[in-house]
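Read-outs throughout are calculated quantities, based only on the coordinates presented, and are distinct from any laboratory measurement. Since we're looking at a predicted model, the values are computed, not measured. Here Cβ is always computed from backbone atoms with ideal geometry, including for glycine, and neighbour counts include all displayed protein chains.
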Amino acid sequence: MEMHSKITSLALFYLITLLLRSSSVSATEFVYNTNFNYSNIFLCGNSSIQSSILVLTNRSFFTINRAFYPYKIPTKDANSSALLPFATSFIFSIAPIKHFLTGHGFAFIFSPTRGLNGTTSSQYIGFLNFTNQGNPQNHAFGVEFDVRKNVEFNDINDNHVGIDINSLTSLTSHDAGYWGGKNDEEFKRLKLNNGVNYQVWIEFMDSQLNVRMAQAGRKRPKKPLISKNVNLLEVFLDQMYVGFCASTGLLMDTTRIMAWSYSNSNFSIGDALITTDLPSFVHQKGFFSGSRAPIIGLVVVCMILIGCVSLGFFILWRWIGKSEEDLEEWELEYWPHRINYQGIIAATSGFSEKKVIGVGGNGKVYKGVLQGEKVAVKRISHETEAGIREFLAEISSLGRLKHRNLVNFRGWCKREKGSFILVYDYMENGSLDKWIFERDHEDRKILTWEERIQVLKNVASGILYLHEGWEVKVLHRDIKSSNVLLDKDMNARLGDFGLARMHDHHGPVATTTKVIGTIGYIAPEVIKSGRSSTRSDVFGFGILVLEVVCGRRPIEEGKPGLIEWLMSLMEIDELHLGLDERLKAKGGCVIEEVERMIRLGLVCANSDPNVRPTMRQVVNMLEGEFEGNETEENSKGENLLEKIKSAATWDGTALAFSNLRHPTFDDLMFSSYSKTSRSNSNAIPESEIILEEGR
């Protein structure tokens, strides 16, 4: 009796508190029961309404999708600036799409704006993007329902619920499910992406946030899945938009919101949702069962008859003559962005020599206009169909990479055996090497110090995405100035993925039997063992930094190697003299900044891969985030900034001078390999060295 009295008193206190808090501001409350329409919900991106159901994601690659209650809602008391409580409940379904991997989940969010600015696709689920991740000025709060484990965000698994504040690295997270059984001590896991309809309850009051979920139709669990004290005072503005966000990338699913309720005062608002007679989006395991069997059998017979007739016409058509645009059997396995050959012909004026903008090791590159947009068209030749298949297999996956600092791959076309055509976005200002090394071009200005630093930031951001930001780890393996392209606004994008390879984030890196890359940019350990890694990409980036700052190639005839030359300047404490002569003449560069960038290049290009930083450390340093912001990643071993500041890093005991010298072509072809072949079981045979001359 006494216990009952205490519970009743607490309930009355809870109710009185809600009434007092809602009295000073008009309460916001709404309920949608499978009656979404274009007047009661605001849609952004590719979100849509189908049969009165809010559809966040569907069958489209790399989309950003958001949906909001049309009006801003108050989140703070007008008189005291105290946070208002809220309770929301919704019913969702994440259904897989046949033949596609499922991803990436969705989030319930509070946002200061309704647009897509500051958001991106794939693992960022339309919530934030790479540049603003972790920025307190985002004023973004979300509860994520994540179906992919992303190392970048320290996800606990590929089926979890998390609390996100200005970042997709969750403040706290838990395996999706609910507590039940005796005394609520038994945890029952729920699989988020199986198409089942789930109901979620999210409640916030007095800084306490509770999240619950269960299969739609079941009672609200007593024990929260997540119960966390969160400080949202600096996160919430006085008024915010409330809604949902989701996105697709290479992975996709169909995410639906069937019902949604929200209130500032009524914490029983979830009871207003209708959980019966909802559509089911669970994929059926069997088709020939129950009363449908006779109908399906008749349909199958009809399909067989139609197929036989179609096959007959197809054989006749093939006998009369084979079209130039036929797909061969192996081509059907790959990404369907095939471009019509006649469109390529029209875009390049029949591959006119006047359209040639570059010549690479595998063929020419043409400028063209395709569907009203400028493109770069690259013709590649392979001697065997197996070579085409291998190359296409790489491009079919790498073509799905989407990042502002990577050249966008548009599609491909195969005219005949041995000839392959790739189409990319056209970069107005060409390759970086022309801006750095071609000194007598009348139409090309000198890149300022600020422009060069921005280029390096862009490239570093692109490499970090390859290493950490995608579903798998991508090793570029050929980072150099000629593979960095500049758009019309002088933003840099990394291109040419012909040598790239993909690996699982936690899996072993395969050892190749070929030394791949360009002389002057290949890390020493790759030469010895053939094993590429993210650290060997960092080495290539280090050489790029030195090129951009110094205006010199790593190897130039009649001159000492770039690193040897810089080491000699360091010995006499004149490292700033390594600056590009044209920038010296122009003036205005700060000596400390110049030396800092050269030291960064040198530490990235260290002969010991264990000394090199990660690309995340490099990006943090370039963005000025190291001072007073020592993360666990940055503090492993010696701080990168300290490495750059400390000349002791470069003394004779720490780094043998001879080890820093870039191998010449003769060294690579003969000396190194004749020595290592006798002493190292992982050495590369002379017959399997694939190198390019520096361009």
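Sorting MET303, MET502, MET615 by the number of Cβ atoms found within 10 Å of their own Cβ, with the fewest placed first, yields MET303, MET502, MET615. Remark: segment 459-466, residue by residue, has Karplus-estimated 3J(HN,Hα) of 5, 4, 4, x, 5, 4, 4, 4 Hz, where x stands for each Gly or Pro and the curve is 6.51 cos²θ - 1.76 cosθ + 1.60 at θ = phi - 60°. Residue-wise HN-Hα couplings along segment 271-278, as the Karplus relation 6.51 cos²θ - 1.76 cosθ + 1.60 with θ = phi - 60° gives them from phi, are 5, 6, 6, 8, 10, 9, 6, 7 Hz; Gly and Pro carry x. Quotient of the Cα radius of gyration of segment 203-245 and 2.2 N^0.38 Å, N being its number of residues: 1.42.
Among 493-501, 123-131, 58-66, 32-40, the peptide with the highest mean count of other Cβ atoms within 10 Å heads the list, and the full ranking is 123-131, 493-501, 58-66, 32-40.
Computed from the alpha carbon positions, the gyration tensor of segment 103-165 leads to an equivalent ellipsoid with semi-axes of 19, 12, 11 Å, biggest first. What whole number of Å gives the distance from the Cα centroid of segment 89-164 to the Cα centroid of segment 527-593? One Cα centre to the other: 40 Å.
For HIS160, the residues whose amide H sits under 5 Å from its own are ASP146, ALA176, ignoring neighbours fewer than 5 places away on the same chain, with H placed 1.01 Å from N.
Charged side chains reduced to their Cβ positions (Lys and Arg at +1, Asp and Glu at -1) give segment 2-269 a dipole of some 640 debye around its Cα centre.
Both numbers refer to the Cα atoms of segment 2-269; Rg and Dmax are 18.0, 60 Å. Rounded to whole numbers, the Karplus 3J(HN,Hα) couplings from phi for segment 206-221 are 6, 6, 9, 10, 10, 10, 10, 8, 6, 4, 4, x, 8, 5, 4, x Hz, using 6.51 cos²θ - 1.76 cosθ + 1.60 with θ = phi - 60°, and x at Gly and Pro.
Ranked from highest to lowest mean number of other Cβ atoms within 10 Å per residue, what is the order of the peptides 143-156, 246-259? Each step should come with its number before you reach the end.
Numbers: 143-156: 20.4, 246-259: 24.9.
Highest mean packing first, the order is 246-259, 143-156.
Residues whose amide H comes within less than 5 Å of that of LEU209, counting only those at least five positions distant or on another chain, are LYS228, ASN229, VAL230 (H built at 1.01 Å from N in the peptide plane).
Reducing segment 173-232 and segment 243-279 to their Cα centroids gives an inter-centroid distance of 14 Å. Each of ASP77, ASP489 was scored by other Cβ atoms within 10 Å of its Cβ. Arranged with the fewest first, they read ASP489, ASP77.
The H on the amide N of LYS76, modeled in the peptide plane, is under 5 Å from the matching H of LEU84, each at least 5 residues off or on a different chain.
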